[in-house]
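The next block holds one structure in the form of structure tokens; read it before the comments.
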Amino acid sequence: MFHLSLGTCNGCEIEVLTLMTPRFDAERWGVRFVKSPRHADVVLLTGCGTERALKRSKRVLDQIPEDKVVVAVGACACSGGIFKQGHKPPLKADIYVAGCPPKPEAMLEGIMEAVRKCCSKD
Amino acid sequence: MPSILPIGPYHPAIHEPEYFKVWVEGEKIVGVDINVGYNYRGVEKLMTTMEWQRCLYLAERVCGICSHAHSSCFAQNVERAGGIGVAERGKYIRVIMAELERLHSHLLWFGILAESAGFETLFMLSWKDRELIMDVLEMISGNRVHYAMNAFGGVRRDINRSMGERMLNKLHKFEGRMEKLKDIALSDEPFVTRLKGVGLLNPWHAEEYGVVGPVARAAGLKVDTRRDMPYFAYGDLDFRVIVGKRGDALERLKVRIDETFESIRIIEQCLGGMPDGPIRTRKMLVKIKGGESASSVEAPRGENFHFLVAGETKPKYYHIRTPTFANFIVLPKILESHQIADVPLVITSLDPCFGCFDRLTVVEDGEERVVDFE
């Protein structure tokens, strides 16, 4: 799993990081954050997609192997959220987790759905 | 001839997109350029298009970690400009939320620092204990990150007696855990050696660059908005301002750990001395007379300053100066003559929050544009 931030208020980032810590521990399902986009099967998108971040993130997204599953986390990544005005529409995703920011439990559900999708592709 | 080493905008050591251009000679750093703007969401411009009630939500979303600091600073500004009184009990609840926020923010930073120093276990332990505070926050407000507690003239939700008792229980449990964490961190020889002398900041440089918050206090400056310009209920409360001596990463760690204990003292005082009565003075705010006002609040990372030129139903102009922006300007100075391996550690030790400081807009000849550093 690779986490890609597209310009946020930091709320979703912190909650995404919480997923790895003892209480929520996504590693139970064999999910692990990777440091390089080339190793990822799932991308977690957060943020409303600011102009500069989108420009750079395109290259990062292109490095991820083709049949990736994209999970949009938070209101910003789903629909633009409160920063909708003046920003480009966010990137398309396979799974949407709503909330500002979503509860870690909701994120876990999204991630489990992504794991299921990945498994069904093989 | 120094060569350029790019760090970011997407880099494993940094959790948010930001670009640092580092000039290196071998392993030694000779210069740093900070290139911000990847998180620019145009908060200040958006403010001027929204009514007061919606602005409050937007102010909260300047930053996810110090969300209460931003929204209370905004509320205080509007209350000052519009001459709205604040309920006494509301002021105490605001202080409680602010201190809880400081607790969770310092713990979060503690974990990230441990992670970037390579002490993964401490990262997990501190984030585990942080959940205690998150539980308290969720109990009071129903939310973990954006609490939506502030309203104009007070707060939205009350803290009743049984809540207060449960809260104190959790806080005392947390205090015990924090003592243990402090012991683990400061008795671990490799960890302490890794932090000692890294990211050194002299008091005169701190003063020159206008550094704020725990970074300034660790360098030996006694600055704290809570003490210097008391707001809300801080004037009635008794607390210590923690000041360090050497301004390195280790001292910043010590200052922040001690501040968490002080925050627990403040919350205890608030719960004990909270006056009864209403928590807010009005239900809705649609129109105010307009005017100008400025307010600053001590966010977990330092002084958070907001300036407002108010219209009747919405702000005419809004300016935010976040503590992270004030602290980050000093980064090139600190990083000089360090090794490349120290970069993530030094950046973390300043407690960066790019979400906060990416809002720079310049008005030139009446035309607004985002500054590009490239």
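Observations, loosely collected:
- Pick from region B:56-74, criterion in contact with a Leu (Cβ under 8 Å, 6 or more places away or on another chain) and under 17 Å from B:L46 (Cα atoms), ranking: nearest to the other protein chains (Cβ to nearest Cβ): B:L58
- Against the numbered list (1) over 15 Å from B:A69 (Cβ atoms); (2) in contact (Cβ under 8 Å) with a residue 24 or more places away in the chain, B:H306 comes up short only at (1).
- Within region B:142-155, restricting attention to residues that are under 19 Å from the mean Cα position of the chain (by Cα) and of a type outside the set (F, W, Y), the residue that is surrounded by the most Cβ atoms within 10 Å (Cβ to Cβ) is B:M149.
- Cβ-Cβ under 7 Å pairs, at least 6 apart or on other chains, region A:100-113 side touching a residue at least 40 places away in the same chain (Cβ under 8 Å) and farther than 13 Å from B:N143 by Cα, far side acidic (D, E) and part of a helix (DSSP H, G or I): A:M107/A:E15
- Per the listing B:G90, B:G83, the residue uniquely surrounded by fewer than 22 Cβ atoms within 10 Å (Cβ to Cβ), away from chain A (no Cβ under 14 Å) and either modelled with pLDDT of 90 or more or more than 15 Å from B:P315 (Cβ to Cβ) (or both) is B:G83.
- Pick from region B:140-149, criterion more than 10 Å from chain A (Cβ to nearest Cβ) and out of contact with any Lys or Arg (no Cβ under 7 Å at 6 or more places or on another chain), ranking: nearest to B:L58 (Cα to Cα): B:Y147
- Pairs are defined by a Cβ separation below 9 Å, a sequence spacing of at least 6 or placement on different chains, a first member in region B:8-20 that is under 19 Å from B:G111 (Cα atoms) and of a type in the set (A, V, I, L, M, F, W, C), and a second member that is modelled with pLDDT of 80 or more and part of a strand (DSSP E or B); the pairs so defined are B:A13/B:I7; B:I14/B:I7; B:I14/B:F20.
- Filter result for the condition that a residue is surrounded by 21 or more Cβ atoms within 10 Å (Cβ to Cβ), in contact with a helix residue (DSSP H, G or I) (Cβ under 9 Å, 6 or more places away or on another chain) and assigned to a helix (DSSP H, G or I), over B:M163, B:M178, B:M139: B:M178
- Candidates are the residues of region B:97-130 that are surrounded by fewer than 23 Cβ atoms within 10 Å (Cβ to Cβ) and of a type in the set (F, W, Y); the one that is nearest to the other protein chains (Cβ to nearest Cβ) is B:F123.
- Residues in region B:7-34 that are modelled with pLDDT under 80 and in contact with an Asp or Glu (Cβ under 7 Å, 6 or more places away or on another chain): B:G8, B:P9, B:H15, B:E16.
- Residue match in region A:30-40 (condition: among the charged types (D, E, K, R), crowded, with 22+ Cβ neighbours inside 10 Å and either more than 15 Å from the chain's Cα centre (by Cα) or facing another protein chain (nearest Cβ under 8 Å) (or both)): no
- Residue match in region A:48-66 (condition: more than 9 Å from chain B (Cβ to nearest Cβ), closer than 19 Å to A:I95 by Cα and of a type in the set (S, T, N, Q)): no
Table: residues versus (1) loosely packed, with under 14 Cβ neighbours inside 10 Å; (2) among the hydrophobic types (A, V, I, L, M, F, W, C).
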| residue | (1), (2) |
| --- | --- |
| A:A53 | no, yes |
| A:K58 | yes, no |
| A:V69 | no, yes |
| A:G74 | no, no |
| A:K84 | no, no |
| A:H87 | no, no |
| A:P101 | no, no |
| A:C118 | no, yes |
| A:K121 | yes, no |
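- Yes/no for B:Y38 being without any contact (Cβ under 8 Å) to a residue 12 or more places away in the chain, surrounded by 15 or more Cβ atoms within 10 Å (Cβ to Cβ) and either charged (D, E, K, R) or not in a helix (DSSP H, G or I) (or both): no
- If the condition is being in contact with a strand residue (DSSP E or B) (Cβ under 6 Å, 6 or more places away or on another chain) and either closer than 23 Å to B:D129 by Cα or in a helix (DSSP H, G or I) (or both), then region B:186-219 contributes only B:G213.
- From the list B:D158, B:D183, the lone residue that is in a loop (DSSP other than H, G, I, E, B), more than 22 Å from the chain's Cα centre (by Cα), away from chain A (no Cβ under 14 Å) and surrounded by fewer than 20 Cβ atoms within 10 Å (Cβ to Cβ) is B:D158.
- Of the set (1) within 16 Å of B:R144 (Cα to Cα); (2) in contact (Cβ under 8 Å) with a residue 40 or more places away in the chain; (3) in contact with a His (Cβ under 8 Å, 6 or more places away or on another chain), all apply to A:S5 but (1).
The values are calculated or read from the model by the stated rules, or taken from the named source; none is laboratory data. Every value quoted in this text rests on a predicted model; they were computed, and no experiment measured them. All Cβ positions, glycine included, derive from the backbone under ideal geometry; neighbour counts span all protein chains shown.
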